[in-house]
Every structure is written in C-alpha cells, then in structure tokens.
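Since the structure comes first, as structure tokens, the remarks are kept for the end.
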Amino acid sequence: MRSSSLSYLPSTLVIDVPEIDEQHAGLFEQLETFKVSCIDHNAYQADEAEALFATLEAHCRTEERLARQSGLDFSGHGEKHRLMLRGIRKMLNDMEKPGADVFSLIRYVDYWFERHIQEEDRNLGINLRQVAFAEVGEQFADELLEQRVSG
Ligand SMILES: [Fe+2]
C-alpha cells in the first residue's frame with residue numbers, strides 16, 4: 001500500500017485490491033477534509049463537494065473497468081453505484097435550498113461508503129483476486145492487479 005492517506009481507511013474495509021483500496025482511502029480523506037472545511041468556514045463548501053463527487057464518479061468507473069478487464073458481471077454492482085450517485089447528486093443539489101444541513105450530507109456519504117464497501121466491494125475484491133489467481137497463480141496475482149491500474 002503506497003498512499004499516505006491509507007490511514008483514513010479502517011483496516012476492516014481493506015479489500016486487498018491496491019487501486020481500489022487507495023481510492024477508498026482517498027475518498028474518506030477527501031470527505032474528512034470537506035467536513036473540516038465546512039466547519040472552518042461555518043458554511044457548505046460547494047466546490048469541495050463537487051470535487052468529491054467527481055472523485056466518486058471516477059472511482060465507480062475504476063471498479064467497473066477492473067471488473068470488465070476480469071470478465072466479471074458488474075450489472076448489479078453498477079446499479080448500486082448509479083443509485084448512490086443519484087442520491088448524492090440530489091443531496092448536493094438540495095444544499096442550495098434554505099435550511100439544508102451539510103452534516104446530514106456528510107453522514108449520508110460516510111455511511112454509504114462504508115456500507116457499500118462491506119456489501120459490494122469486498123465481494124468484488126474476492127472475485128478480482130480469484131480471476132487473477134486463476135490467470136497467473138497466487139504468486140503473481142498481486143502484480144497482475146497492480147498492472148491493471150494503468151490498464
Ligand atoms: Fe463499488
């Protein structure tokens with residue numbers, strides 16, 4: 001694991017696919033930075049929220065690419081991503097309305113990340129590792145998953 005932000009990822013949420021783990025850690029870090037920034041400014045920070053949303057969209061594309069490269073069916077998982085992105089998009093749009101609560105948004109995103117990693121990404125990690133193992137054997141499975149970072 002290379003990223004300094006991995007400390008933001010609880011060990012129970014590590015799925016042992018380096019690219020995904022690093023992105024998850026980065027998302028938790030970005031969410032924490034956003035939260036602190038909102039507290040410091042005592043106001044919703046729209047630019048940071050949009051940047052976080054863009055990172056999340058890119059992360060969903062990463063998981064889809066890794067699944068596709070390994071020949072895995074991603075339809076159910078992809079649908080969860082679409083629902084989640086739609087839900088967060090709506091909350092971001094609603095932040096423009098009076099009385100909007102940024103901390104509800106943060107709790108929602110934090111909860112969603114954690115639950116999604118446990119319910120979906122953990123299985124994705126297992127499946128990706130099984131495919132890599134079948135292709136090249138245990139000894140090289142890590143390297144294969146690393147190589148797919150740039151694929
Ligand atoms: Fe996912």
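Any read-out appearing in this document is the output of simple, stated calculations on the displayed coordinates, not a laboratory observation. The shown structure was predicted, so the numbers you read here are calculated from the model rather than taken from an experiment. Positions of Cβ are backbone-derived with ideal geometry, glycine not excepted, and every protein chain shown enters the neighbour counts.
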> If we count every other residue with Cβ under 15 angstrom of Gly78's Cβ, Lys/Arg +1 and Asp/Glu -1, where does the sum land?
Replying inline: -2
> Can you pull out the chymotrypsin sites (Phe, Trp or Tyr not before Pro) in region 72-120 that DSSP calls coil and that have at most 12 other Cβ atoms within 10 Å?
Replying inline: none
> Which loop-located GluC sites (Glu not before Pro) does region 3-111 contain, where loop means any DSSP state but H, G, I, E or B and the Cβ has at most 11 other Cβ atoms within 10 Å?
Replying inline: Glu96
> Where the only charges are on Cβ atoms (+1 Lys, Arg; -1 Asp, Glu), what is the dipole of region 16-150 about its Cα centre, to the nearest 20 debye?
Replying inline: 600 debye
> Angle between the Cα long axis of helix 138-147 and the longest principal axis of the chain, 0 to 90 degrees, nearest 10?
Replying inline: 40 degrees
>> For the chain, what does the helix formula give at 222 nm: sum of -39500 (n - 2.57) over DSSP H segments with n ≥ 4, over the residue count, nearest 500 deg cm²/dmol?
In response: -24000 deg cm²/dmol
>> Using only Cα atoms and rounding to the nearest 10 degrees, what angle (0 to 90) does helix 122-136 make with the longest principal axis of the chain?
In response: 30 degrees
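Under the 0.36 nm per residue contour assumption, what length would be gained going from the current alpha-carbon distance of Asp110 and Glu64 to full extension?
Length gained between Asp110 and Glu64: 14.5 nm.
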> Taking a ≥ b ≥ c as the square roots of the eigenvalues of the Cα gyration tensor of region 1-134, is the shape rounded (a/c under 1.5), prolate (a/b larger than b/c) or oblate?
Replying inline: prolate
> Near Val14, within a Cβ-to-Cβ distance under 11 Å, what is the net charge of the other residues, with Lys and Arg +1 and Asp and Glu -1?
Replying inline: -3
> By how many degrees, between 0 and 90 and to the nearest 10, does the Cα long axis of helix 18-41 differ from the longest principal axis of the chain?
Replying inline: 10 degrees
> Pick from Asp121, Asp21, Asp101: which residue has the top mean-square fluctuation in a GNM of the chain where Cα pairs under 10 Å get a spring?
Replying inline: Asp101
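Which of rounded, prolate, oblate describes region 1-66, given a ≥ b ≥ c as roots of the alpha-carbon gyration tensor eigenvalues and a/c under 1.5 marking rounded, otherwise prolate only if a/b is larger than b/c?
oblate
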